[in-house]
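Below is one structure, written out as structure tokens; the observations come after it.
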Amino acid sequence: MAAQAVDRELELKYSRALNLSEVESKRDPESEPYRSKYAARQLLKEMKAAVGLRAQAGEGEDERLQEGEWLQKAAVLELQLGLNHTETEELSAGEEHLARCVQILDTFKLSPQVVSILIQAQYTHCCAFLVVTSTWVDQDRLLKMCTPRNLKQSIISTSAALMQFRNQLGILWAGLEEMEKAQTYLEDAESLYNQYTKEIGTPPFDTHEHFLAEEERLTEQERHKRFEKVYTYTLYYLAQVYKHLDMIEKAAWYCHTTLQRQLQFASYNPVEWAINAATLSQYYITKQSYMEGRLCLSASGVIFNQVKGPCSESPAEDSEEERDRCDQLQQKKAEIARCWIKYCLNLLQDSRKLLEDDVGELDWDRQEELKIQLKKEEEEKEQGRKSAVLFGSSETFDLIQSVEEKVSCTYPVDFTKAREVFLVGQNYVQEAKEFFQLDDHVTDHIEVVQDHSALFKTLAFFEEDQERRCKMHKRRIDMLEAVYKEVNPQYYLLVCRQLQFEIGDAFYEMMELKVSIANRLDELDSHNIKKINHLVQSAITYYNLFLESLKNSEKKFPELLEADVLRPALVCKFRIGWLYSKMITSDPKTQLGNLEQSVDCYRFVVDYCKRQPEAAKVMEPELELCAEMATLLPARMEKLRAKLVAFV
């Protein structure tokens, strides 16, 4: 009876320690963030002392049986103490407890006779934490320790414990930034899971069952669910480790598989799952894997909508806690919208790269070729989709697919298709701006506006009508200038530089289009001349603002440009030179002054690239033209000077 009382006390303490660590700790005040963790640690230490005494109390023929049982409990407590110290950021102490767990189990050498007795006596968890060393317990070693009759049950108990313990070691080493060690432990856990499910398959016991009464132990179904959850964590942490090791492709695959398994076993937080899926979509976008990216984003929205307790229509009446919750939900929704914007923008931009010719215009022959090619590839891709790692279950698959159908995952090759993608992106721009407003989220708001501008810029590429293209660039100018006027360059210098360059770019694009339109006219009227000159001067103004922002406190331009502004600065100089040559005037003196400005800009680029060879590499497309114009324009200027002398 006394022994039973001790067992019951241990069960209650273990349950209390878990509740403190996993439930009550979430309510700890900021001033004492680990209060419940420390209380749980004290209980675990008390249990450890009691278990140590019981492990030495075995008598008679059951002595080894009792020793085995209590050493397992001691190992579980060392594991929990290791986790406790790790969670309170005491990683060295956590490692000591985990190492002690290994040490305890390493001294517990099971013989075939003992395993048989333990199995027959229904101590099905006797092999938990069996001899964890720096290498895995392999099949041959288990064969030596267990009779064939009892081998299967031994592996059931051992596999679950080993995999979970390896997970924790992996997490610990990852926390200590020992990523290679973490990788080894976690990959071993993955290998064990694969071997176990292939050769055994029976749901193993859960670690906590060592401190549960027999009638309270889990069903096979619950054991299976928990075992699969442990493996899902293995994949999750492997994804993190691979990411830190710059094994990005493997990291993405493990992240994708983790998300799929969380849905499969209904073990996820909808908001976290949705954000992780949306984030993963951005990786697929960089790989031009738009089908997978669209799948992630579609699933993200569907799962996010599972969040219970929508925000009320009268937030002023809500508690502060409820308002914070709603604010966070709105932010996450806006972040998912921004991922959709990037999807649409990158799809359009990648399509443009495939279709543009040497001067950045639409290649009509290439367009026809691509239409035929993409149609064939789309059919093949949809067939291959069946073998891809998909999200969803019977409840969610149809919902995800219905969202996917609203936007293409193939390259748009004409204006109609491009506009469909553009409109989806524009809708998400409005959704993102509902939360990321200029007053409270300056940088985020401006980035959304910049993406909106980029959507218009790319759509204009597909438009055949040049007047309509001009209107799209005018929309860009309006939205960019609106936010530029509200931003203080003293606090947002980098943002202002980006806006200056982009507004200058929009004016430059409009100017080029207006000149092209004017060239088709028999004669330029004053209205067209005035319009072109206005666009030229506006572009020059914004490009010069960008260049002025690079000067030091003494208003001197830097001898050496920083890498992040090197190409933009030289492009500004190049374009200013080009713009001055486009100014329309009947006054030879003004024309000569404009050409002098052009030559100065071209020579600046050429001279800088001679001094800095790395600049020549980034300016390769424009440098040859700069050198050519710097050579040709002086001859034209001499002719103008001769005319001026003759006129005088």
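All but one of (1) open to solvent by less than 60 Å² (accessible area, probe 1.4 Å); (2) modelled with pLDDT of 95 or more hold for Thr410; state the number of the condition that does not hold.
Tallying (1) open to solvent by less than 60 Å² (accessible area, probe 1.4 Å); (2) modelled with pLDDT of 95 or more, Thr410 fails exactly one: (2).
For Lys37, indicate whether it is at pLDDT 90 or above, open to solvent by 40 Å² or more (accessible area, probe 1.4 Å) and assigned to a helix (DSSP H, G or I).
On the way: at pLDDT 90 or above: yes; open to solvent by 40 Å² or more (accessible area, probe 1.4 Å): no; assigned to a helix (DSSP H, G or I): yes.
So Lys37 does not fit the description; no.
Inspect all residues belonging to the range 105-119 and state whether any of them is within 20 Å of Ala50 (Cβ to Cβ), under 46 Å from the mean Cα position of the chain (by Cα), part of a helix (DSSP H, G or I) and modelled with pLDDT of 55 or more.
yes
Among the residues of the range 413-424, write down those that are open to solvent by 40 Å² or more (accessible area, probe 1.4 Å) and under 14 Å from Tyr343 (Cβ atoms). Walk me through it before giving the result.
Kept after step one, since they are open to solvent by 40 Å² or more (accessible area, probe 1.4 Å), are these residues of the range 413-424: 414-417, 419-420, 423.
Glu420, Leu423 - these are the residues of the range 413-424 that are open to solvent by 40 Å² or more (accessible area, probe 1.4 Å) and under 14 Å from Tyr343 (Cβ atoms).
Can you name the residue in the range 551-570 that is under 20 Å from Pro489 (Cβ atoms) and open to solvent by 100 Å² or more (accessible area, probe 1.4 Å) and, of all such residues, is nearest to the chain's Cα centre (by Cα)? It would help to see each step written out before you state the result.
Narrowing the range 551-570 to residues under 20 Å from Pro489 (Cβ atoms): 551-558, 561-562, 564-565, 568-569.
Applying the additional criterion that residues be open to solvent by 100 Å² or more (accessible area, probe 1.4 Å) yields 553-556, 562, 564.
Values: Ser553: 39, Glu554: 42, Lys555: 40, Lys556: 40, Glu562: 28, Asp564: 23 Å.
My answer is Asp564.
Can you confirm whether Gly301 is within 30 Å of Tyr411 (Cα to Cα) and modelled with pLDDT under 90? Reasoning before the result, please.
On the way: within 30 Å of Tyr411 (Cα to Cα): yes; modelled with pLDDT under 90: no.
When the stated conditions are applied, Gly301 does not pass them.
Considering only the range 276-295, I want to know if a residue exists there that is buried (at least 19 other Cβ atoms within 10 Å of the Cβ) and without any contact (Cβ under 8 Å) to a residue 24 or more places away in the chain.
Among the residues of the range 276-295, at least one is buried (at least 19 other Cβ atoms within 10 Å of the Cβ) and without any contact (Cβ under 8 Å) to a residue 24 or more places away in the chain, which makes the answer yes.
Quickly run through the range 603-622 and pick out the residues that are at pLDDT below 95 and among the β-branched types (Val, Ile, Thr).
Passing the criteria: only Val618.
Considering only the range 499-531, state which residues are over 25 Å from Gln450 (Cα atoms) and either open to solvent by less than 60 Å² (accessible area, probe 1.4 Å) or aliphatic (A, V, I, L, M) (or both).
If the condition is that a residue be over 25 Å from Gln450 (Cα atoms) and either open to solvent by less than 60 Å² (accessible area, probe 1.4 Å) or aliphatic (A, V, I, L, M) (or both), then Val515, Ser516, Ile517, Ala518, Leu521, Leu524, Asn528, Ile529 are the ones that fit.
Tell me which residues, restricted to the range 402-432, are part of a helix (DSSP H, G or I) and in contact with a Leu (Cβ under 6 Å, 6 or more places away or on another chain). First the steps, then the outcome.
Step one: list which residues in the range 402-432 are part of a helix (DSSP H, G or I), which gives 402-404, 415-432.
Of everything in the range 402-432, those that are part of a helix (DSSP H, G or I) and in contact with a Leu (Cβ under 6 Å, 6 or more places away or on another chain) turn out to be Ala418, Val421, Phe422, Gly425.
Taking the conditions exactly as written (basic (Lys, Arg), at pLDDT 95 or above and out of contact with any Pro (no Cβ under 9 Å at 6 or more places or on another chain)), does Lys555 satisfy them or not?
no
Please determine whether any residue of the range 58-67 is farther than 16 Å from Leu43 by Cα, touching a Leu at 6+ places or on another chain (Cβ under 8 Å) and either at pLDDT below 75 or crowded, with 17+ Cβ neighbours inside 10 Å (or both). It would help to see each step written out before you state the result.
Start the filter on the range 58-67 by keeping residues that are farther than 16 Å from Leu43 by Cα, which leaves 58-67.
Of the ones still in play, those that are also touching a Leu at 6+ places or on another chain (Cβ under 8 Å) are 58, 65.
Then drop every residue that is not either at pLDDT below 75 or crowded, with 17+ Cβ neighbours inside 10 Å (or both), which leaves 58, 65.
For the range 58-67, residues farther than 16 Å from Leu43 by Cα, touching a Leu at 6+ places or on another chain (Cβ under 8 Å) and either at pLDDT below 75 or crowded, with 17+ Cβ neighbours inside 10 Å (or both): present.
Condition first: more than 20 Å from the chain's Cα centre (by Cα), surrounded by fewer than 19 Cβ atoms within 10 Å (Cβ to Cβ) and among the β-branched types (Val, Ile, Thr). Now tell me which residues in the range 441-459 satisfy that.
Val442 - this is the single residue of the range 441-459 that is more than 20 Å from the chain's Cα centre (by Cα), surrounded by fewer than 19 Cβ atoms within 10 Å (Cβ to Cβ) and among the β-branched types (Val, Ile, Thr).
Starting from residues that are open to solvent by 50 Å² or more (accessible area, probe 1.4 Å) and in contact (Cβ under 8 Å) with a residue 24 or more places away in the chain, keep the ones in the range 586-606 and report whichever is farthest from Lys617 (Cα to Cα). Lay out the reasoning, then the answer.
Restricting attention to the range 586-606, the residues satisfying the condition of being open to solvent by 50 Å² or more (accessible area, probe 1.4 Å) are 586-587, 589-591, 596-597, 600, 603-604.
Now restrict to residues that are in contact (Cβ under 8 Å) with a residue 24 or more places away in the chain: 589, 591, 596, 603-604.
Numbers: Lys589: 36, Gln591: 32, Glu596: 26, Arg603: 17, Phe604: 16 Å.
Looking at the filtered set, the residue picked out is Lys589.
Out of Asp324, Asp246, report the one residue that is within 25 Å of Ala432 (Cβ to Cβ) and either loosely packed, with under 15 Cβ neighbours inside 10 Å or under 17 Å from the mean Cα position of the chain (by Cα) (or both). Give the steps one after another, and end with the answer.
Values: Asp246 fails: within 25 Å of Ala432 (Cβ to Cβ).
The match here is Asp324.
For residues that are under 22 Å from Gln183 (Cα atoms) and in contact (Cβ under 8 Å) with a residue 40 or more places away in the chain, scanning just the range 254-268, find the one that is surrounded by the most Cβ atoms within 10 Å (Cβ to Cβ). Lay out the reasoning, then the answer.
Initial filter on the range 254-268 (under 22 Å from Gln183 (Cα atoms)): 254-262.
The next check asks that each one be in contact (Cβ under 8 Å) with a residue 40 or more places away in the chain; those that pass are 256-257, 259-260.
Details: His256: 24, Thr257: 16, Leu259: 26, Gln260: 19.
Out of the qualifying residues, it is Leu259.
Return the residues of the range 224-236 that are touching a residue at least 40 places away in the same chain (Cβ under 8 Å) and more than 25 Å from Gln183 (Cβ to Cβ); say none if nothing qualifies. Walk me through it before giving the result.
Applying the first criterion (touching a residue at least 40 places away in the same chain (Cβ under 8 Å)) to the range 224-236 yields 225, 227, 230-231, 233-235.
Lys225 - this is the single residue of the range 224-236 that is touching a residue at least 40 places away in the same chain (Cβ under 8 Å) and more than 25 Å from Gln183 (Cβ to Cβ).
Looking at (1) assigned to a helix (DSSP H, G or I); (2) open to solvent by 50 Å² or more (accessible area, probe 1.4 Å); (3) within 24 Å of Tyr428 (Cα to Cα), can you tell me which one Lys225 breaks?
(3)
Give Lys342, Lys353 a once-over and let me know the one that is open to solvent by 30 Å² or more (accessible area, probe 1.4 Å), under 30 Å from Asp465 (Cα atoms), basic (Lys, Arg) and free of Cβ contacts under 8 Å to residues at least 60 places away in the same chain. Give the steps one after another, and end with the answer.
Details: Lys342 fails: free of Cβ contacts under 8 Å to residues at least 60 places away in the same chain.
The match here is Lys353.
Quick grid of which residues meet (1) under 20 Å from Ser453 (Cα atoms); (2) not charged (D, E, K, R):
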site	(1), (2)
Asp324	no, no
Gln330	no, yes
Glu335	yes, no
Trp340	yes, yes
Leu345	yes, yes
Gln349	yes, yes
Arg352	yes, no
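So Asn84 passes all but one of these: (1) outside any helix (DSSP H, G or I); (2) within 28 Å of Glu214 (Cβ to Cβ); (3) modelled with pLDDT of 80 or more; (4) not aromatic (Phe, Trp, Tyr). Which condition number does it fail?
(1)
The values are calculated or read from the model by the stated rules, or taken from the named source; none is laboratory data. As the structure is a prediction and not an experimental result, all values here were calculated from the model. Here Cβ is always computed from backbone atoms with ideal geometry, including for glycine, and neighbour counts include all displayed protein chains. Ligands, DNA and RNA are excluded from the accessible area calculation, which covers all protein heavy atoms including side chains. Shrake-Rupley method; radii C 1.70, N 1.55, O 1.52, S 1.80 Å.
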